[in-house]
Amino acid sequence: MTFYTFKRVAFTLLFLSVFSFSFASNSKDSDSEKEFDAKEMIMHHVKDAYGMHLFDYNGHSYSIPLPIILYTDKGLTTFMSSEFHHDYNGEVIVEKNGQRFVNIHEKIYKLNDGETAVTYDAEHHPTNAERPWDFSITRNVFMMWVSVVVLLLIFLTAARRYKKSGDYVPKGIASFVEPLVVFVRDEIAKPMIGEHKYKRFMPYLLTVFFFIWINNIFGLIPFFNGANLSGNIAFTFALALCTFLITTFSGNKNYWKHIFWMPGVPVPMKIFLMPIEIVGMFVKPISLMIRLFANITAGHIIILALMSLIFIFQTIAVAPVSVGFALFIGIIEIVVTAIQAYIFTVLSALYFGMAVEDAH
């Protein structure tokens, strides 16, 4: 690292420290009566939401609204998430189609007929409301669509560059994309699947690699308020399910033989190994799902926990330490965005290679 690199890092650290000082002071003045709850704040930022939250000012929350799409026994109901404006005086009840809806901890409930306010049990669960079918465009869904548009623009632009050049020399965005495509092909697909069978799996491997990577990057950009798509268990489940289905339907005779009747071992051992191999079929995608989810979520939680120390100790003296460590973890998170995409792609290719491997 050069002197100028160190200087930029120092200025960044100083800026974050000053920003934290002012934020801590404003938070203490505007909400002095309410005790800071680090767990509530962290979980609020990590989980999905019905709007793109920007900032709070004078007790009001400002965000980019997203469509709310609900289905109940009275049919389809739609409105914008801005109608759930929180003013810290309680949940706002939205009346649509003769029904009342309320957003509680980023979950929408429909109040029972005749109810005008929410009642809770000892664990703060609503007792007079139920969950409708929810097809809303949440923050994670919105950012997933944004990532799809960005990827289409990148690859369509790269394809046009190749078409125009004629000599297939990468230029512009293609010069950035080609090394990554070649890397996935030569360092992941070919070694894991084989020289003669890797081509049919390349579209999926490239899609997974870039899709996970770009969404991990979006999760680190403050403007998007931590749209933590890869930290959503439903997202990682869907990706792992795709890998599982491709592996299962690509399996050849040799693959299934090794699962149900292991060749080359005594019969008692075959009977013993068969249930273990069957369980292993499902453990592999589960491990893919949990690994991506846990690693991405853990990074966000650590950064938020470090910043929470300023408000827990209620002193700006902690800010330089908190911001310094948060900056360090943030730099590591930048590397982790690519590493987790790489690991998911490598393991998927490995499972595909096991499924199509020929008998020796």
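Has the range 172-181 got at least one residue that is modelled with pLDDT under 80 and in the same structural domain as F344 (by TED's automatic domain parsing)? Talk me through it step by step, then tell me what you get.
First pass over the range 172-181, keeping only residues modelled with pLDDT under 80: 172.
Retained after the next criterion (residues that are in the same structural domain as F344 (by TED's automatic domain parsing)): 172.
Yes: the range 172-181 contains one or more residues that are modelled with pLDDT under 80 and in the same structural domain as F344 (by TED's automatic domain parsing).
Each row is one residue, and each column tells you yes or no for (1) of a type in the set (D, E, K, R); (2) in contact with a helix residue (DSSP H, G or I) (Cβ under 7 Å, 6 or more places away or on another chain); (3) outside the structural domain of L70 (by TED's automatic domain parsing); (4) not in a loop (DSSP other than H, G, I, E, B).
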{"position": "E83", "(1), (2), (3), (4)": "yes, no, no, yes"}
{"position": "L152", "(1), (2), (3), (4)": "no, no, yes, yes"}
{"position": "A159", "(1), (2), (3), (4)": "no, no, yes, yes"}
{"position": "V184", "(1), (2), (3), (4)": "no, yes, yes, yes"}
{"position": "E187", "(1), (2), (3), (4)": "yes, no, yes, yes"}
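Would it be correct to say that L76 is outside any loop (DSSP other than H, G, I, E, B), closer than 21 Å to H125 by Cα and at pLDDT 85 or above? Even if it seems obvious, please write down each step before you answer.
On the way: outside any loop (DSSP other than H, G, I, E, B): yes; closer than 21 Å to H125 by Cα: no; at pLDDT 85 or above: yes.
Judged against the criteria, L76 is not a match.
Count, please, the residues in the range 138-158 that happen to be surrounded by 16 or more Cβ atoms within 10 Å (Cβ to Cβ) and either among the hydroxyl-bearing types (S, T, Y) or touching a Pro at 6+ places or on another chain (Cβ under 7 Å) (or both).
So the count comes out to 2.
Which of (1) at pLDDT 70 or above; (2) touching a Lys or Arg at 6+ places or on another chain (Cβ under 9 Å); (3) in a loop (DSSP other than H, G, I, E, B); (4) not basic (K, R) is the odd one out, the single condition M52 does not satisfy?
Result: M52 fails condition (3) only.
With within 30 Å of P275 (Cα to Cα) and at pLDDT below 90 as the only criterion, which of Y168, Y198, Y255, Y162 stands out?
Step by step, each of Y168, Y198, Y255, Y162 is checked, and only Y255 is within 30 Å of P275 (Cα to Cα) and at pLDDT below 90.
E115 versus (1) of a type outside the set (S, T, N, Q); (2) part of a loop (DSSP other than H, G, I, E, B); (3) assigned by TED's automatic domain parsing to the domain that holds W213: which is the lone unmet condition?
(3) is the only condition that E115 fails.
Of the residues that make up the range 318-327, is at least one within 21 Å of the chain's Cα centre (by Cα), closer than 14 Å to L220 by Cβ and not hydroxyl-bearing (S, T, Y)? Before you say what the answer is, go through the steps one by one.
Here is the first cut: in the range 318-327, the residues within 21 Å of the chain's Cα centre (by Cα) are 326-327.
Filter again for closer than 14 Å to L220 by Cβ, leaving 326-327.
Next cut, not hydroxyl-bearing (S, T, Y) only: 326-327.
Checking the range 318-327: at least one residue is within 21 Å of the chain's Cα centre (by Cα), closer than 14 Å to L220 by Cβ and not hydroxyl-bearing (S, T, Y).
Got at least one residue in the range 113-136 being buried (at least 17 other Cβ atoms within 10 Å of the Cβ), among the charged types (D, E, K, R) and modelled with pLDDT of 85 or more?
no
Checking the structure you have, find out if any residue of the range 269-292 is surrounded by fewer than 17 Cβ atoms within 10 Å (Cβ to Cβ) and within 30 Å of E35 (Cα to Cα). Explain how you work it out, then say what you get.
We begin by selecting, within the range 269-292, every residue surrounded by fewer than 17 Cβ atoms within 10 Å (Cβ to Cβ); these are 269-272, 274-283, 286-287, 290-291.
Cutting the leftovers down to within 30 Å of E35 (Cα to Cα) gives us none.
There is no residue in the range 269-292 that is surrounded by fewer than 17 Cβ atoms within 10 Å (Cβ to Cβ) and within 30 Å of E35 (Cα to Cα).
Enumerate the pairs (first residue in the range 110-132 and under 15 Å from T77 (Cβ atoms) and free of Cβ contacts under 8 Å to residues at least 24 places away in the same chain; second residue anywhere and of a type in the set (S, T, Y) and not in a loop (DSSP other than H, G, I, E, B)) with beta-carbon separation below 8 Å, excluding pairs fewer than 6 apart on the same chain, so at least 6 apart or on different chains.
From the range 110-132, the pairs are E130/Y109.
Just checking, which of F249, F328, F272, F237 is touching a helix residue (DSSP H, G or I) at 6+ places or on another chain (Cβ under 8 Å) and either part of a helix (DSSP H, G or I) or touching a residue at least 24 places away in the same chain (Cβ under 8 Å) (or both)?
F237
Please work out if N215 is in contact (Cβ under 8 Å) with a residue 12 or more places away in the chain, closer than 29 Å to V141 by Cα and outside any loop (DSSP other than H, G, I, E, B).
yes
The values are calculated or read from the model by the stated rules, or taken from the named source; none is laboratory data. Since the structure is predicted, the reported quantities are computational estimates derived from the model, not experimental observations. Note that each Cβ is placed from the backbone with ideal geometry, even for glycine, and that neighbours are counted across all protein chains shown.
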